[in-house]
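Student: Sending over a structure as structure tokens; questions will come in a sec.
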Amino acid sequence: MDDVSKIRGTTIVSVRRYNKVVIAGDGQVTFGDKVVMKNTTRKVHRICKGKVIAGFAGVSADALALLERLEGTLEKYSGQLTRACVELTKDCRMDKYMRKLEAMMIVADANSSMIITGTGDVLESDDQVLAIGSGGTFATAAARALLENTDFGAEDIAKKAMKIASDLCIYTNNNITSESIEY
């Protein structure tokens, strides 16, 4: 996961609480260390006929390639997210192009939330929070504190965690989009 850990730009956070899972992300696209190219990019999407939500970080072309592959794998395995993620990461490890993707995704359905890396890793959360990207550690800390100390719902926690991350991370803005699934 060495190359992927260098991903800068973007923060994506996922929170589960009160029978709802939310993925939220910022809208900033940067070019290098000094230029903001766009402020309103949508990095969180519904896939698999709305049964799965996904948010991505990393090199845009690589992230979109990973998202496209996941959609195909979900279709192949009848929307079974866990199985599709495992099969996708196997494919990533076998495919010379795919195993070098500089991208990560958080994906979630009614039953599980996972991180998929472009290097072929799939990780499931130990708790109700997952985050990736340059502001991921800020968003994780904020979301965990809000989970422990408030009665806020998943959407409020995700958005507040993103706001905190955007205040601290120069590669993350506060143009936040989110998608959710109730279960």
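The values are calculated or read from the model by the stated rules, or taken from the named source; none is laboratory data. A quick note: this is a predicted structure, and the numbers were derived from the prediction, not measured. Note that we place each Cβ from the backbone using ideal geometry, even for glycine, and neighbour counts take in every protein chain shown.
Student: If GLU148 passes every condition in (1) surrounded by fewer than 18 Cβ atoms within 10 Å (Cβ to Cβ); (2) charged (D, E, K, R); (3) under 17 Å from the mean Cα position of the chain (by Cα); (4) not in a loop (DSSP other than H, G, I, E, B) but one, which one does it miss?
Tutor: Here GLU148 meets the rest and fails (3).
Student: Please state which one of VAL52, VAL59, VAL44, VAL86 is surrounded by 21 or more Cβ atoms within 10 Å (Cβ to Cβ), β-branched (Val, Ile, Thr) and out of contact with any Lys or Arg (no Cβ under 9 Å at 6 or more places or on another chain).
Tutor: VAL44
Student: Looking only at the range 71-79, decide whether some residue is surrounded by fewer than 24 Cβ atoms within 10 Å (Cβ to Cβ), at pLDDT 95 or above and within 16 Å of the chain's Cα centre (by Cα).
Tutor: yes
Student: If a residue has to be within 20 Å of GLN80 (Cα to Cα) and in contact (Cβ under 8 Å) with a residue 24 or more places away in the chain to count, how many in the range 94-117 make the cut? Before the answer, list the steps.
Tutor: Restricting attention to the range 94-117, the residues satisfying the condition of being within 20 Å of GLN80 (Cα to Cα) are 104-117.
Still in the running and in contact (Cβ under 8 Å) with a residue 24 or more places away in the chain: 104-114, 116-117.
So the answer is 13.
Student: Based on this model, can you work out whether PHE138 counts as over 17 Å from ASN39 (Cα atoms) and within 15 Å of the chain's Cα centre (by Cα)?
Tutor: yes
Student: Select from the range 36-57 the residues that are of a type in the set (D, E, K, R) and without any contact (Cβ under 8 Å) to a residue 60 or more places away in the chain and list them in ascending order.
Tutor: Within the range 36-57, LYS38, LYS49 meet the criteria.
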